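Chemist: Let me give you the structure first, and then I'll get to my questions.
The values are calculated or read from the model by the stated rules, or taken from the named source; none is laboratory data. None of the values given here were measured: they were computed from a predicted structure. Neighbour counts run over all protein chains shown; Cβ positions are idealised from the backbone, glycine included.
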Amino acid sequence: MKVLLVDDHEIVWNGTRLLLERMAAEIEPGRPFHFEAVRDAEQACRLDPVGVDLLLLDYHLPQLSGLAALKAVKAHFEATPVCMQSAESSPQRVREVIEAGAAGFIPKSYRLEDMEAALRVVLRHRIYLPAEFVLADDVTRAREPDELPREDLAGFLRVELSPRQRQVLALAMRGMPVKLIARQLMIAEGTVKVHLSMVYRALGARNRTDALCRVFDAQAAWALEAA
């Protein structure tokens, strides 16, 4: 496993390395573990992106920071899931980060076991959303009359969505941008956008983050496993 941490606080480096080293030995026994830490996004973008399995990015960095840093590292590490970490985890910040294409958002206030659980989700190529964000009042909507109850959502995903729509949604849930989804499925970017638009409409969702919240809240992600 190869991991890159972008954080300007060296005190974070050792703790993160020890946690991921232990996880790597359990998840991929026998595979070498490589960990590198740099202080800012500019340094990260000068590194070779090939083979990096996970990139952890602090929200507050010197110089390039926040969503601008996320955009820069995602452009350089196209095939790598980028997970944002921040001491501030307001629903608005989490929403902005996920909409910008992050593979997850991990609050820095998390205990060690919570961080490990979050990292396991991201390493399985799923987007991690903090439970407090999914349940927050300002991201929870009253169900429209034609929306499915949460207990019916998994069945809806399996039966009502086309195989291609399930594929597109599954890749979107892994944090892939439209360009990479199109490349992997060998279809046009415009076609991906059409599929996503149809899926969002079917789910009664406004955007990717809203759709993710609905799927996670209903514990229906398993319905996309075969996509």
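Chemist: I'd like to check something: does the stretch 6-17 contain any residue that is out of contact with any strand residue (DSSP E or B) (no Cβ under 8 Å at 6 or more places or on another chain), of a type outside the set (K, R) and over 25 Å from H60 (Cα atoms)?
Modeler: No, every residue in the stretch 6-17 fails to be out of contact with any strand residue (DSSP E or B) (no Cβ under 8 Å at 6 or more places or on another chain), of a type outside the set (K, R) and over 25 Å from H60 (Cα atoms).
Chemist: Residue by residue through the stretch 81-100, note down the ones that are closer than 22 Å to V168 by Cβ and either part of a helix (DSSP H, G or I) or at pLDDT below 85 (or both).
Modeler: R95, V97, I98, E99
Chemist: Quick check on this structure: which one of L123, L171 is under 26 Å from L57 (Cβ atoms), modelled with pLDDT of 80 or more and outside the structural domain of A87 (by TED's automatic domain parsing)?
Modeler: L171
Chemist: Continuing with the same structure: I need every pair where a residue in the stretch 74-100 that is closer than 21 Å to I181 by Cα and not assigned by TED's automatic domain parsing to the domain that holds G175 has its Cβ under 9 Å from the Cβ of a residue that is assigned to a loop (DSSP other than H, G, I, E, B) and of a type in the set (D, E), sequence separation at least 6 or different chains.
Modeler: Between residues of the stretch 74-100 that are closer than 21 Å to I181 by Cα and not assigned by TED's automatic domain parsing to the domain that holds G175 and residues that are assigned to a loop (DSSP other than H, G, I, E, B) and of a type in the set (D, E), the close pairs are T80/D53; P81/D53.
Chemist: Restricting to the stretch 16-60, what's the tally of residues that are in a helix (DSSP H, G or I) and either touching a residue at least 40 places away in the same chain (Cβ under 8 Å) or acidic (D, E) (or both)?
Modeler: Summing the residues that are in a helix (DSSP H, G or I) and either touching a residue at least 40 places away in the same chain (Cβ under 8 Å) or acidic (D, E) (or both) in the stretch 16-60 gives 9.
Chemist: While we're looking at this one, here's another question. Those residues that are assigned to a helix (DSSP H, G or I) and in contact with a Cys (Cβ under 7 Å, 6 or more places away or on another chain), I need them from the stretch 103-125; list them, please.
Modeler: V122
Chemist: Here's something else I'd like to know. Which one of these is at pLDDT 70 or above and in a helix (DSSP H, G or I): L161, L157?
Modeler: None of the others qualify; the one that does is L157.
Chemist: Name, by its number, the condition in (1) assigned to a helix (DSSP H, G or I); (2) farther than 19 Å from I98 by Cα that does not hold for K71.
Modeler: The failed condition is (2).
Chemist: Kindly indicate the residue of the stretch 135-154 that is in a helix (DSSP H, G or I) and surrounded by 12 or more Cβ atoms within 10 Å (Cβ to Cβ) and also modelled with the lowest pLDDT among those meeting that condition.
Modeler: Step by step, filter the stretch 135-154, then rank; the result is V139.
Chemist: Select from the stretch 48-95 the residues that are surrounded by 15 or more Cβ atoms within 10 Å (Cβ to Cβ) and touching a His at 6+ places or on another chain (Cβ under 8 Å) and list them in ascending order.
Modeler: Residues satisfying the conditions are P49, D58, G66, P81, S86.
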